[in-house]
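The values are calculated or read from the model by the stated rules, or taken from the named source; none is laboratory data. Predicted model, so just to flag it, every value in this text is computed and none were measured. Positions of Cβ are generated from backbone atoms using ideal geometry, with glycine treated the same way; all protein chains shown enter the neighbour counts. Just so you know, the surface numbers come from the protein's heavy atoms only, side chains and all, with ligands and any DNA or RNA stripped out. Shrake-Rupley method; radii C 1.70, N 1.55, O 1.52, S 1.80 Å.
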Amino acid sequence: MNAFLAIIGRDLRLATRRGGEAALTLGFFVVAITLFPFGVGPEPELLGRIAAGIIWVTALLAATVSFDRLFRADMEDGTLELLALAPLPLELAVLAKAIAHWLLTGLAVTLLAPVMGLMLNLPEAAYGPLVAGLLLGTPALSLLGGIGAALVLGARRGGALVGLLVLPLFLPVLIFGISAVEATLIGLPLAPHLLILGALLAVALPVGVFGSAAALRLALE
Amino acid sequence: MPNFLHSLASPARFQRIANAVLPWVSVLAAVLLGVGIVWGLVFSPPDYQQGDTVRVMYIHVPAAWMATFCYAVMALLSASFLIWKHQLADLAARAASPIGACFTAIALITGALWGKPTWGTWWVWDARLTSVLVLFFLYLGHMALSAAFDDRERGGRAAAILACVGAINLPIIKYSVEWWNTLHQGASVFRMDGPTIDNSMLWPLLLTVLGFNMLFVVLLLVRIKSELLARRIEVLQRARASGRG
């Protein structure tokens, strides 16, 4: 357990002390969202209608650009080999890194989402389901994205490849994240959508942890 | 049966069997496809609603079936490569992926051509269309990943892990997309109460489906054989270069 927490703490410290690396994903998230009013026009009604979609899609993209450095730095300086040799199973080390990644990107994006909603004229009733959906959905993104990040270690042009590999896998999370918002807006119960998002997280946990660990073992051979 | 499959993993034995099987399967594929397509495109009756447009079905439906079938084959081959480390399974999985991508592309394009006259639009964000499109992306990712490493073995193993992860996620993606939106007609051949499609159309359809299956086997065998030859040439060239150096 100590080793597990130590990995989370280490990743958090590295991200916060190394020149604001943690802020990069958030910066991308905010800048990308800012582009939408320029792209579709500034009418509040239109923006309010598509605000939840903009926020969710941008959260997916922000997560995707952050995966490139999930394992790469550790691979380059040899940390990953030590993690693989440590008594802590590599699966748990991967889980710890995914949790740290979620705290730095998913949670931060979730906390920023209401502010972005304000700027995009998101309907008032949509704030709760949007945030609840992001809270359940973004951990699944960190877990599934870990597979992509681990698979492209040592590949040529790995960064662009991650997007192609993981974005199709994110589709169910996006669908149910959005349907939670839409259902609330037309007065349908919210719970089923959140339950399905929870189920997706429950599937992403073993798939992501074992998949990433298998891919990391391959990269370390 | 497992023993037979494991014995296939020897490249030499595989090549012997493939060489023996290939002419027969090729002829079978040509006959099935020839008869099925001519029957479907010329002799089968036009649909009472769609007229002659329905003939797109004889290409579209088999291609769409093969799109998912290829992925299943690829995932099984990848899993057996990860478990038993058979090199041939890796070769076969990598050979299957572009074939599957082509079938998927054919299904998407013929679907668009069929959609224009019947639904009045080339593309809609309907559940089946969207999940087939996602399947196409999964094929592209598999192909890109297996080609992204300088070390071929490494690319094969990475792609095999991806194929297995994709196989777990594919049903989830399919059902979430279905839940999201549906316009495409439901299944009309595989149903508990029997097919809802008339025999005059069902027979040519079954022939083309079998023909596409045989075509897949032919393409797969040819691709594996040529990949084995390419590797042999590489080894010979390396031996020759080191002999001179």
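General observations
- Think of chain B as having a plus end and a minus end, set by charges on the Cβ of Lys, Arg, Asp and Glu; of B:Pro62, B:Phe14, B:Ala93, B:Phe14 sits farthest toward the positive end of this dipole.
- Diffusion coefficient (Stokes-Einstein, Kirkwood radius over C-alpha pairs, 25 °C, 0.890 mPa s) for chain B: 124 µm²/s, rounded to a whole number.
- Part-to-part distance (alpha-carbon centres) for region B:74-114 and region B:4-53, which is given in Å: 17 Å
- Shielding of peptide A:207-217 by partners, expressed as the average count of other chain Cβ atoms within 10 Å per residue Cβ, is 3.
- Percent of C-alpha pairs per 10 Å bin in the protein assembly as shown, short distances first: 4, 17, 25, 24, 18, 10, 3, 0.
- Burial order of peptide ranges A:166-173, B:7-14, B:124-131 (average beta-carbon count within 10 Å, highest first): A:166-173, B:124-131, B:7-14
- Furthest towards positive pole of dipole, B:Leu82, B:Thr121, A:Ile50, structure part the protein assembly as shown, Cβ charges: B:Leu82
- Using every pair of distinct Cα positions in region A:1-158, the Kirkwood expression returns a hydrodynamic radius of 16.7 angstrom.
- Dipole axis of region A:2-220 (+1 Lys, Arg; -1 Asp, Glu on Cβ), positive-most option in A:Gly133, A:Leu144, A:Thr110: A:Leu144
- Under a model in which nothing but the beta-carbon of Lys, Arg (+1) and Asp, Glu (-1) is charged, the protein assembly as shown shows a dipole of about 1600 debye around its Cα centre.
- The aspartates and glutamates within cross-link reach of B:Lys174, meaning a Cα-to-Cα straight distance under 19 Å and a gap of 8 or more places when in the same chain, are B:Asp126.
- Cα convex hull of region B:34-79 - mean projected area over all directions, nm²: 3.8 nm²
- R0 of 60 Å, Cβ-Cβ distance A:Met1-B:Val235: FRET efficiency to nearest 0.05: 0.75
- Note on A:174-181: average number of Cβ atoms from other chains within 10 Å of each residue's Cβ is 2.
- Angle between chain A longest axis and helix A:90-101 axis [Cα atoms, degrees, rounded to 10]: 40 degrees
- Residue-span extension gain [B:Trp119 to B:Gln50] - 0.36 nm each, minus C-alpha spacing: 23.8 nm
- For region A:6-93, the fraction of alpha-carbon pairs lying more than 19 Å apart is 54 percent, rounded to a whole number.
- Cut-off under 5 Å, modelled amide H: who pairs with B:Ala147 long-range: none
- Centre separation in Å (Cα based) which lies between region A:153-180 and region A:65-113: 17 Å
- Probe 1.4 Å, protein heavy atoms only - accessible area per residue of the protein assembly as shown in square angstrom: 48 Å²
- Helix A:21-40 vs. chain A, principal-axis angle (Cα, 0 to 90°, nearest 10): 30 degrees
- Ellipticity at 222 nm from helices only: DSSP H runs of n ≥ 4 in chain A, each -39500 (n - 2.57), divided by the residue count, give -29000 deg cm²/dmol.
- Taking the Cα centre of chain A as reference, the dipole from Cβ charges on Lys and Arg (+1) and Asp and Glu (-1) amounts to some 300 debye.
- Rounded to the nearest 10 degrees, the inclination of helix B:199-244 to the longest alpha-carbon principal axis of chain B is 20 degrees.
- On the protein assembly as shown, 71 percent of the accessible area sits on carbon and sulfur atoms, based on a 1.4 Å probe.
- Taken across both chains, chains B and A shield about 2400 Å² of accessible surface from a 1.4 Å probe.
- Inter-chain Cβ neighbour count for B:31-44, averaged per residue, equals 0 (cutoff 10 Å, partner chain atoms only).
- Chain A - percent relative contact order, Cα under 8 Å, separation 6 or more: 27 percent
- Contact order for chain B, expressed relative to its length and based on alpha carbon pairs under 8 Å spaced 6+ residues apart, stands at 31 percent.
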